[in-house]
Amino acid sequence: MQGLLFVVTAPSGAGKTSLINAVLAEDSRLRLSVSYTTRPPRPSEQNGREYHFVDEATFVAMLERGEFLESAQVHGHRYGTSQTTISGALEDGCDLVLEIDWQGAQQVRRLIPDCVGIFLLPPSLAELERRLRARGQDSEPVIARRMAAARDEIAHVPESDYVIINKEFEIAKRDLLAIVRAERLITGRQLARIGELF
């Protein structure tokens, strides 16, 4: 049985990492696809857990060898998803969550049309800015750049299958879990899993 690929997109600061981690803790059948990036790790991050942190030369070499399912430049850093990792996990029947930006999501949809696109939004741009400031990780120019990018990113909401507003974390978490469960129950997928019952 082929696994499901959930592609979660959101502006920086919308809470997608926290939300995905909470859902992963509750759903043992779901796994996170760990992307590659050239950005430096934040203090709490570990190589291989949040991202595979690589230098520019390593990333470009992987890109030239065609190793990425998708890749994009976001906020001045490169990000990419391993083609081999995704295809292997899906063939093994694993359900994967891919946390990427809208550019990567477009590329994935072209290559894996039955992926499930989920866009996570903050309740407002003012709240998004407040969250970015509250993180205490970014300088003023970086916050300004992220806010400008958020406006562009939000224009791509209609490309997704689902939209979650992350106003209250617990409600947003339940919404994401509900999408995962509902997608697994679609008739065609159930037939592939337990066809002998029919």
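Figures for the structure shown
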| item | result |
| --- | --- |
| Any hit, the range 153-164, residues being at pLDDT 90 or above, open to solvent by less than 10 Å² (accessible area, probe 1.4 Å) and either part of a strand (DSSP E or B) or not charged (D, E, K, R) (or both) | yes |
| Residue within the range 127-142 that is more than 14 Å from GLY15 (Cα to Cα), in a helix (DSSP H, G or I), within 20 Å of the chain's Cα centre (by Cα) and in contact (Cβ under 8 Å) with a residue 60 or more places away in the chain present | no |
| Which numbered condition GLY188 fails, given (1) crowded, with 18+ Cβ neighbours inside 10 Å; (2) assigned to a helix (DSSP H, G or I); (3) free of Cβ contacts under 8 Å to residues at least 60 places away in the same chain | (1) |
| Residue in the range 26-34 that is assigned to a helix (DSSP H, G or I), small (Gly, Ala, Ser) and open to solvent by less than 40 Å² (accessible area, probe 1.4 Å) present | no |
| Odd one out for LEU121 among (1) open to solvent by less than 60 Å² (accessible area, probe 1.4 Å); (2) at positive phi | (2) |
| Count of residues meeting criterion [β-branched (Val, Ile, Thr) and touching a residue at least 60 places away in the same chain (Cβ under 8 Å)] in the range 165-185 | 2 |
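The values are calculated or read from the model by the stated rules, or taken from the named source; none is laboratory data. On a predicted model such as this, the values are computed, not experimentally measured, just so you know. With ideal geometry, Cβ positions are generated from the backbone for all residues, glycine too; neighbour counts draw on all protein chains shown. Side chains included, ligands, DNA and RNA excluded: accessible areas come from the protein's heavy atoms. Shrake-Rupley method; radii C 1.70, N 1.55, O 1.52, S 1.80 Å.
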